[in-house]
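Worksheet: the structure to be examined is printed underneath.
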Amino acid sequence: MRRSVFQNILWLLPAEVAHNIRMALLGIVGKIPSGKWWLETVHAPQKENLEREVFGIHFRNPIGIGAGFDPNGDRLDELAATGFGFVEIGSVVPRPQPGTPRPRIKRLRPNHSLIDNSGYPSRGLEYILNNVRHRTDYTRDLVIGCNIGRLTASHRDDTIKEYLRVFRNMYQYVDFFVINISCNTASKRFVPRSREEILALIEPLFEFRRGQLDYRPILLKISPDLSKEELDTVIDILIETPLDGIEAVAGSIDMARKSPGAVTGGLLTERAIEMVRYIAEKTEYNYPIIGSGGMMTPEDVKRMMEAGASLVSLNTGLRENGLRLLKKSAKKIAETKNKED
Ligand SMILES: Cc1cc2nc3c(=O)[nH]c(=O)nc-3n(C[C@H](O)[C@H](O)[C@H](O)COP(=O)(O)O)c2cc1C
């Protein structure tokens, strides 16, 4: 995909610096008069033929932002004005944590990929709650997902309590939850992969939800490094429990080989599409899937949806190719839909 001049300048900078500059500029544009109007005019996709109803929620378009892009929910107004169908904040953890020392995001330039070893830096639950508690005119219609991840320092038993704590506190302020069971690259201490371990983590969440008036869908976010047996276990859990869907996939630790961290971006595209297709076929297209991983071009997004994803989340594609990926991908999806109609 052709990059803008601005994007080419960002591309010369270290990946995390470039991302921080983009987010800071978004914040500045959001604060100047007509700034959000400008974001909407330049970036927001057309409205026709893109709306979706997925797990009982109305999405203005199926293209959203994956966890780690705006982890603390600091730019929700601006991202809403930009026209994303949803924003997944987080990973939200109960206490602030700094993440791994910098530099922690490495570019694999020829492959349009990153190795992310940031370790979920987060300002913690209280700070994030303040950002989502009051919806503005812009975020009132934005679908907000809350990705819950693991504190680097947590032990197994604490992890279960900590996921529940974030879930309970965020419950009334967000629209859906994504429970991240892929690895926190900063610590591989507890990565639930067996049926028992996954159920131990999500059953307390189902239990809490049962007592609430409002229903919040719960999805599991899985690693691309799962074996076929492990993936089948996740699919069985999806079919047999009140789980609402799956987000596939997170970054790949196996692909990073000896480097600490997880590969994201272009190297992940085929694996992500293949996993989504497998899940969709095995569940006979009956369960919502958020397709994530290596969505670098509008063509990737189109292929992901054709493989069976109901929604698609972007991260590395936006960092490396810029926000225009949203509008171009939406156009591609709308064109495909127009042809089908
Ligand atoms: C810098 C960075 C930070 C990330 N942080 C998180 C995170 O906190 N929680 C999470 O579930 N995924 C996180 N991810 C993973 C992405 O949400 C996404 O699943 C993964 O990068 C694959 O998609 P992509 O190839 O489009 O980036 C992060 C990715 C990157 C590049």
### Unmet criterion (only one of (1) more than 28 Å from E51 (Cα to Cα); (2) in contact with a Ser or Thr (Cβ under 7 Å, 6 or more places away or on another chain)) for N111
(2)
### Task
Evaluate the following for I253: is it closer than 30 Å to F206 by Cβ, out of contact with any His (no Cβ under 6 Å at 6 or more places or on another chain), surrounded by 21 or more Cβ atoms within 10 Å (Cβ to Cβ) and at pLDDT below 95?
yes
### Message
For the stretch 50-68, give me each residue that is of a type in the set (G, A, S), within 16 Å of the ligand (Cβ to nearest atom) and more than 15 Å from D141 (Cβ to Cβ).
### Response
G66, A67, G68
### Task
Determine whether P71 is in contact with a helix residue (DSSP H, G or I) (Cβ under 7 Å, 6 or more places away or on another chain), within 16 Å of the ligand (Cβ to nearest atom) and of a type outside the set (A, V, I, L, M, F, W, C).
no
### Query
When only residues in the stretch 82-105 that are surrounded by fewer than 24 Cβ atoms within 10 Å (Cβ to Cβ) and charged (D, E, K, R) count, which is nearest to the ligand (Cβ to nearest atom)?
R104
### Conditions (1) at pLDDT 95 or above; (2) out of contact with any strand residue (DSSP E or B) (no Cβ under 9 Å at 6 or more places or on another chain); (3) away from the ligand (no atom under 12 Å from the Cβ); (4) farther than 15 Å from I198 by Cα: number failed by R216
(2)
### Query
When you scan the stretch 221-230, how many residues do you find that are more than 15 Å from the ligand (Cβ to nearest atom) and either small (G, A, S) or buried (at least 22 other Cβ atoms within 10 Å of the Cβ) (or both)?
1
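Which of the helices (runs of 4 or more DSSP H) found entirely inside the stretch 245-341 contain at least 3 residues meeting this: near the ligand (Cβ under 9 Å from one of its atoms) and within 27 Å of E16 (Cβ to Cβ)?
Of the helices (runs of 4 or more DSSP H) lying wholly inside the stretch 245-341, those with at least 3 residues that are near the ligand (Cβ under 9 Å from one of its atoms) and within 27 Å of E16 (Cβ to Cβ) span 316-321.
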### Message
Kindly evaluate L76 against the criterion of being buried (at least 20 other Cβ atoms within 10 Å of the Cβ) and either touching a helix residue (DSSP H, G or I) at 6+ places or on another chain (Cβ under 7 Å) or over 30 Å from Q46 (Cβ atoms) (or both).
### Response
yes
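Going by the conditions given, is P192 modelled with pLDDT under 95, in contact with a helix residue (DSSP H, G or I) (Cβ under 9 Å, 6 or more places away or on another chain) and either within 12 Å of the ligand (Cβ to nearest atom) or assigned to a loop (DSSP other than H, G, I, E, B) (or both)?
yes
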### Query
Which residues, counting only those in the stretch 36-55, are more than 30 Å from D244 (Cα to Cα), touching a residue at least 40 places away in the same chain (Cβ under 8 Å) and surrounded by 14 or more Cβ atoms within 10 Å (Cβ to Cβ)?
K36, L39, E40, H43
### Task
Could you list all residues from the stretch 133-157 that are out of contact with any helix residue (DSSP H, G or I) (no Cβ under 7 Å at 6 or more places or on another chain) and in a helix (DSSP H, G or I)?
R133, R140, D141, R156, D157
### Message
Being of a type in the set (A, V, I, L, M), closer than 24 Å to I222 by Cα, within 16 Å of the ligand (Cβ to nearest atom) and in contact with a strand residue (DSSP E or B) (Cβ under 8 Å, 6 or more places away or on another chain): is that true of L125 here?
### Response
yes
### Task
May I ask you to say which residue of T264, T283 is surrounded by fewer than 21 Cβ atoms within 10 Å (Cβ to Cβ) and at pLDDT 95 or above?
T283
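The values are calculated or read from the model by the stated rules, or taken from the named source; none is laboratory data. Note that the coordinates shown come from a computational prediction; the quantities given were computed from them, not determined experimentally. Note that we place each Cβ from the backbone using ideal geometry, even for glycine, and neighbour counts take in every protein chain shown.
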